[in-house]
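Chemist: Submitted below is the structure of interest, expressed as structure tokens.
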Amino acid sequence: MALRHYTLDFKLSTAVDSATTVPHLLSIFHEQEMTETVHETNGHGYLGTFVGKNGRLAILRVHSHGLVTVDLQCYEGDNIAQLDNLLNALETKLKMILNGNITRIKRLPALVRGAEVDRYWPATDDRLLEYDMDQLVYEEDSPYQNIKILHSQQYGNVLILDDDINLAESDLTYTQAIMGNGRESYAGKEVLILGGGDGGILFEMVKQKPKMITMLDIDQKVIDACKKYMRRTCGNILDSLEGDCYQILVEDCVPVLRKYVQEGKTFDYVINDLTAIPISTEPEEDSTWEFLRLILDLSIKVLHPSGKYFTQGNAQTMTEALRLYEEQLKKLSCPVGFSKEVVCVPSYLEQWVFYSVWKK
């Protein structure tokens with residue numbers, strides 16, 4: 001059973017004396033049959049915990065620097081009306097006691113902790129994002145990663161790899177952006193997709209009748225899961241590993257790319273959908289940066305002289321990581337030019353940067 005955590009904050013213009021504040025609130029807790037325990041704070045205000053017979057826990061904190069906070073924890077099956085009454089009574093009383101000293105009151109919706117379906121996922125810059133996930137559709141560990149598909153009322157099914165949101169059925173803008181947002185014609189072209197196990201890029205690209213698409217993805221379990229549970233993204237394209245104008249190779253892309261380089265094989269377009277740019281700012285020490293440089297260098301080597309390389313970058317807020325990636329572009333075996341585009345991807349809840357790279 002999940003825990004619900006409610007918060008109520010009063011930001012004050014000046015600090016208050018707990019001795020004149022706390023006594024007025026005690027009757028509210030007592031009415032809820034909650035027992036007070038006062039904790040030593042070494043002169044840093046008041047800290048009291050209140051425990052009820054039904055397992056409710058309230059924490060009242062009068063901070064010495066001008067902040068009063070109330071935290072209330074209870075199990076999900078507890079009486080919500082009673083909890084609202086308790087919080088409403090505390091808010092009303094505090095407004096009365098602190099009248100004229102309040103600069104801001106903030107009461108947040110309950111944080112649900114320990115639920116069967118996790119609704120909280122971090123943004124790239126570590127902001128906490130809450131989703132409307134309501135069902136675990138699929139979960140399995142492959143030899144390479146943990147695979148989850150959760151259902152969202154807004155975004156449809158959402159593919160999550162190693163606890164990182166990859167793509168939702170709502171995210172056609174991601175697929176369009178990594179394909180050049182309609183500025184490229186793939187008709188009659190040779191295309192290489194690195195990753196892309198959700199099938200979104202392949203599904204959209206086949207519509208343009210390219211000469212041949214080769215898709216390299218290492219994880220058959222991702223393909224199988226998306227084939228079954230992400231059909232708004234991939235349609236029926238993953239039902240077969242090959243079609244009239246495409247082939248899916250379930251292989252590590254690095255040895256295949258090296259083989260293509262040795263054979264002199266080239267592609268009109270290379271689309272890298274393997275991983276985002278690392279947020280680490282130590283590119284010489286981070287193994288993900290090393291992998292990214294390897295893939296980038298091999299991809300440029302198999303790119304036709306007039307071709308283009310497309311990849312996702314990272315969140316727009318990751319300015320230093322994006323700058324470091326652009327520095328890597330200057331260190332390739334041949335000079336390249338690049339452009340970037342910022343796109344809103346619905347399920348990411350943040351602006352995302354995509355790159356186009358070409359040989360000069």
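Chemist: Roughly how tilted is helix 220-229, in degrees to the nearest 10 and between 0 and 90, from the longest Cα axis of the chain?
Modeler: Compared with the principal axis, the helix lies near 70 degrees.
Chemist: Below 10 angstrom from the Cβ of GLU140, what's the summed charge of the other residues (Lys, Arg +1; Asp, Glu -1)?
Modeler: My count for the surroundings of GLU140 gives -1.
Chemist: Working out 0.36 nm times the residue gap between GLU242 and LYS93, then minus their Cα-Cα distance, what length gain in nm do you get to one decimal?
Modeler: Result for the pair: 46.8 nm of gain on full extension.
Chemist: Over the chain, with every protein chain in place, what whole percent of the accessible area is carbon and sulfur at 1.4 Å, could you tell me?
Modeler: Solvent-exposed carbon and sulfur of the chain make up 48 percent of the total.
Chemist: So what's the net charge close to SER333: Lys and Arg +1, Asp and Glu -1, counting the other residues with Cβ under 12 Å from its Cβ?
Modeler: Charge balance near SER333 sits at +4.
Chemist: Please compute the modelled spin-label separation between ASP224 and SER27, points set 7 Å along Cα→Cβ, answer in nm with one decimal.
Modeler: Going from the SER27 label point to the ASP224 one covers 6.6 nm.
Chemist: What's the angle, to the nearest 10 degrees (0 to 90), between helix 80-97's Cα axis and the longest principal axis of the chain?
Modeler: On a 0 to 90 degree scale, this one is about 60.
Chemist: Subtracting the Cα-Cα distance from 0.36 nm times the residue separation, let me have the gained length for ARG183 to ALA115 in nm, one decimal.
Modeler: 20.1 nm
Chemist: Which peptide among 28-37, 207-216 comes first, and what is the full order, when sorted by highest mean count of other Cβ atoms within 10 Å?
Modeler: With the highest mean Cβ count within 10 Å placed first, the list reads 207-216, 28-37.
Chemist: To the nearest 20 debye, what charge dipole does the chain have about its Cα centre, counting +1 at the Cβ of each Lys and Arg and -1 at the Cβ of each Asp and Glu?
Modeler: For the chain, the charge dipole is close to 1100 debye.
Chemist: Oh, and also: Give the calculated FRET efficiency between ALA15 and ASP125 to the nearest 0.05, with a Förster radius of 41 Å applied to their Cβ-Cβ distance.
Modeler: It comes to 0.85.
Chemist: What pairs from LYS53/LYS93; LYS227/LYS330; LYS207/LYS265; LYS148/LYS359 go past 32 Å between their alpha carbons?
Modeler: Exceeds cut-off: LYS227/LYS330; LYS148/LYS359.
Chemist: Can you check what the Kirkwood hydrodynamic radius comes to for the chain, Cα pairs only, in Å to one decimal?
Modeler: Hydrodynamic radius (Kirkwood, Cα pairs) of the chain is 23.8 Å.
Chemist: Here's a follow-up. Taking the mean number of other Cβ atoms within 10 Å as a proxy for protection, how do you rank 137-148, 100-111, 347-358 from highest to lowest?
Modeler: Ranked from most to least packed, the peptides come out as 347-358, 137-148, 100-111.
Chemist: Next question. Report, in degrees rounded to the nearest 10, the 0 to 90 angle that the Cα long axis of helix 287-301 makes with the longest principal axis of the chain.
Modeler: Long axis of 287-301 versus the principal axis of the chain: about 30 degrees.
Chemist: Separation of the range 110-130 and the range 1-51 by C-alpha centroid, Å?
Modeler: Here the two parts' Cα centres lie 26 Å apart.
Chemist: Another one. Please give the contour-minus-distance gain from ASP132 to GLU320: 0.36 nm per residue of separation, less the Cα-Cα distance, rounded to one decimal in nm.
Modeler: Contour length minus Cα-Cα distance gives 64.6 nm.
Chemist: To continue, here is another question. Rounded to the nearest 0.05, what FRET efficiency do GLN153 and ILE102 give with R0 = 41 Å and r taken as the Cβ-Cβ distance? Could you check?
Modeler: Efficiency for this residue pair is about 0.70.
Chemist: Shifting gears a bit: Per residue, how large is the accessible surface of the chain? Use a 1.4 angstrom probe and give square angstrom.
Modeler: Ligands and nucleic acids excluded, the figure is 48 Å² per residue.
Chemist: Please enumerate, by chain and number, the aspartates and glutamates with C-alpha under 17 Å from the C-alpha of LYS360, excluding those fewer than 8 residues away in the same chain.
Modeler: Leaving aside aspartates and glutamates fewer than 8 places away in the same chain, those within reach of LYS360 are ASP268, ASP297, GLU326, GLU327.
The values are calculated or read from the model by the stated rules, or taken from the named source; none is laboratory data. Please read these numbers as outputs of a predicted model, since none were measured by experiment. Positions of Cβ are backbone-derived with ideal geometry, glycine not excepted, and every protein chain shown enters the neighbour counts. Just the protein is used for accessible areas: all its heavy atoms, side chains included, with ligands, DNA and RNA removed. Shrake-Rupley method; radii C 1.70, N 1.55, O 1.52, S 1.80 Å.
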